[in-house]
């Protein structure tokens with residue numbers, strides 16, 4: 001069944017349905033999918049997938065190996081399910097989740113810097129209009145197993161940024177990110193939380209209450225449809241959104257193998273401001289920050305006002 005088929009879902013455009021379909025059949029950050037959407041448009045590509053158009057007809061996929069395109073088409077065709085997309089739409093609407101996408105009034109244009117890796121769309125839970133305030137914003141990322149030094153430092157930095165009217169962007173993990181959310185809410189900063197799974201699933205489960213507060217006082221975003229369980233790949237791809245959304249990224253504390261290093265790498269590639277807070281040389285939870293300062297030429301943040309200055313000048 002193609003997009004021209006009759007749907008039981010009301011008030012949902014063919015374009016939004018096509019984007020929902022893309023989000024349900026592809027993994028986040030799929031460059032080939034993004035390239036095809038750019039060249040052919042979301043609706044046409046989904047119709048071609050639904051109609052099992054052979055690889056030879058995809059003329060705009062020049063530059064990709066035929067085997068790569070063939071493998072992707074087979075994967076998308078296998079996952080394509082018109083009725084499943086209808087259920088995603090119905091469930092999202094019943095839960096009050098809004099689909100935003102390039103061209104939508106609340107779409108943050110900073111995400112377009114990701115090129116073909118720009119998401120087809122994002123589901124939003126909460127006040128999506130907050131996304132219009134990201135011209136002055138900071139992403140906070142860091143260690144899950146944060147020390148008291150890390151959480152206290154995070155709180156002080158977020159307070160200083162909030163006093164400067166900066167929006168706070170973060171994930172929903174334990175440690176640094178959870179502290180950033182709590183402090184941002186307490187200081188009434190515009191707060192954007194990005195989830196690696198569907199918006200109907202709090203991850204970690206222990207943060208269900210935190211997610212409720214984040215949605216009530218800000219907005220939570222996800223690239224994954226309702227019902228999607230997060231896994232490592234989705235966390236890594238979420239990091240590109242964390243880096244792209246804001247003016248700059250600040251890492252208060254991170255270990256040597258922290259996912260925050262991946263976020264810092266994305267920020268560096270995108271030309272965003274990047275700062276990291278140093279810690280004791282004996283602290284394993286600060287070794288990642290030292291690595292970010294050394295390998296990515298991040299600005300050394302020694303006090304909260306330096307984080308504010310870093311965001312102000314970009």
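Just so you know, all these numbers are worked out from the coordinates, no wet-lab data involved. Just so we're clear, the structure is a prediction, and the values are computed from it rather than from any experiment. When we count neighbours, we look across all protein chains shown, and the Cβ atoms used for this are built from the backbone with ideal geometry, even at glycine.
Results, tabulated for the structure shown:
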item: Alpha-carbon radius of gyration plus Dmax, which is the widest Cα pair, for the range 125-213 in Å; result: 12.3, 34
item: Angle in degrees between helix 259-270 and the longest Cα principal axis of the chain, rounded to the nearest 10; result: 70 degrees
item: Gyration tensor (Cα) of the range 200-296, equivalent ellipsoid semi-axes in angstrom; result: 26, 16, 13
item: Likely footprinting exposure, 43, 152, fewest C-beta neighbours within 10 Å first; result: 152, 43
item: Max mean-square fluctuation residue, GNM over the chain, Cα-Cα springs under 10 Å, options 92, 56, 72; result: 56
item: FRET efficiency, 1/(1 + (r/R0)^6) with R0 45 Å, evaluated for residue 149 and residue 14 via beta carbons; result: 0.30
item: Candidates 125, 272, 257: whichever shows maximal mean-square fluctuation once the chain is modelled as a Gaussian network with Cα springs under 10 Å; result: 257
item: With 10 Å bins from 0: P(r) over the range 14-94, alpha-carbon pairs, percent; result: 17, 56, 22, 4, 0
item: Computed [θ] at 222 nm, deg cm²/dmol, the chain (DSSP H ≥ 4; -39,500 (n - 2.57); rounded to nearest 500); result: -13500 deg cm²/dmol
item: Semi-axis lengths (Å, descending) of the ellipsoid that matches the C-alpha gyration tensor of the range 130-286; result: 21, 18, 16
item: Taking 52, 84 and counting other C-beta atoms within 10 Å, the order from fewest to most; result: 52, 84
item: Structure-derived log10 I(q)/I(0) by the Debye sum over Cα atoms at q = 0.09, 0.14 Å⁻¹ - corresponding label in (1) -0.55, -1.09; (2) -0.46, -1.01; (3) -0.70, -1.15; result: (2)
item: Gap separating the Cα centres of the range 152-228 and the range 251-314, nearest whole Å; result: 19 Å
item: Of 140, 46, 251, the one that fluctuates the most in a GNM where the chain has Cα springs shorter than 10 Å; result: 46
